[in-house]
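The values are calculated or read from the model by the stated rules, or taken from the named source; none is laboratory data. Keep in mind that this is a model prediction, so the values were computed, not measured. Every residue, glycine among them, receives a Cβ derived from its backbone with ideal geometry; neighbour counts consider all protein chains shown.
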Amino acid sequence: MLLSSVIYFNLRSVFSQSQNFLTLFLCNFYYIMIKQIRSFPSMEFYDNSLEDGEGVKIQTERDWHRYRCFGPFSFFDIHEGKEAKPSGSGSWVNVEEVDFVLLLYQKLVSLYPTLKSGNQVAIISPYSGQVNLFKQRFEETFGVSAEKLVDICTIDGCQVN
């Protein structure tokens, strides 16, 4: 869904030199991005002119967002984590990050049990090796295939969803 943003950003830079010849219409309303995600491109590329489309807040707001650690998107810096490349693998893993995310997920579903059924939670990792480790550990921990509980993918893999 962010592809449309990238296209608009590129159009803006490409046509900025041609403003005398073209009337450029840019999207001012976003109907698919939550406020926290929309705010960055709005500030950096659109002079804070992007607005939420009608109904975006209702469509995207969830009860668990009131907890900072369960916001629409969350980033955590695991200081103790060490990246490693297992022998025979061309990809990196960070076991401490996987352990942390498993604990965070367990807390989330203990507060909101309905999240256990269906893929309402996504885990995005830059490394395919870590994605595989997440899938393995979810199955070991919960006794079912990770795909039944969460979406786990690489950054590139999640862009198509």
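What to note about this one:
- Of all residues in region 115-161 being touching a Leu at 6+ places or on another chain (Cβ under 7 Å) and farther than 19 Å from THR60 by Cβ, the one that is surrounded by the most Cβ atoms within 10 Å (Cβ to Cβ): PHE138
- Test for SER89: is it of a type in the set (S, T, N, Q), surrounded by 13 or more Cβ atoms within 10 Å (Cβ to Cβ) and touching a residue at least 40 places away in the same chain (Cβ under 8 Å): yes
- Failed criterion for GLN36 (all others in (1) in contact with a Gly (Cβ under 9 Å, 6 or more places away or on another chain); (2) surrounded by fewer than 16 Cβ atoms within 10 Å (Cβ to Cβ); (3) under 16 Å from GLY129 (Cβ atoms) hold): (3)
- Checked against the criterion of being hydrophobic (A, V, I, L, M, F, W, C), assigned by TED's automatic domain parsing to the domain that holds ILE152, modelled with pLDDT of 85 or more and under 18 Å from ILE152 (Cβ atoms), region 54-69 has no qualifying residue.
- Output for region 68-85, where each listed residue is farther than 14 Å from ILE123 by Cα and surrounded by 13 or more Cβ atoms within 10 Å (Cβ to Cβ): ILE78, GLY81, GLU83
- Scanning region 48-68 for residues that are touching a Ser or Thr at 6+ places or on another chain (Cβ under 9 Å), not acidic (Asp, Glu) and not in a helix (DSSP H, G or I) yields ASN48, SER49, LEU50.
- ARG137 modelled with pLDDT of 85 or more, under 21 Å from ILE34 (Cβ atoms) and among the basic types (Lys, Arg): no
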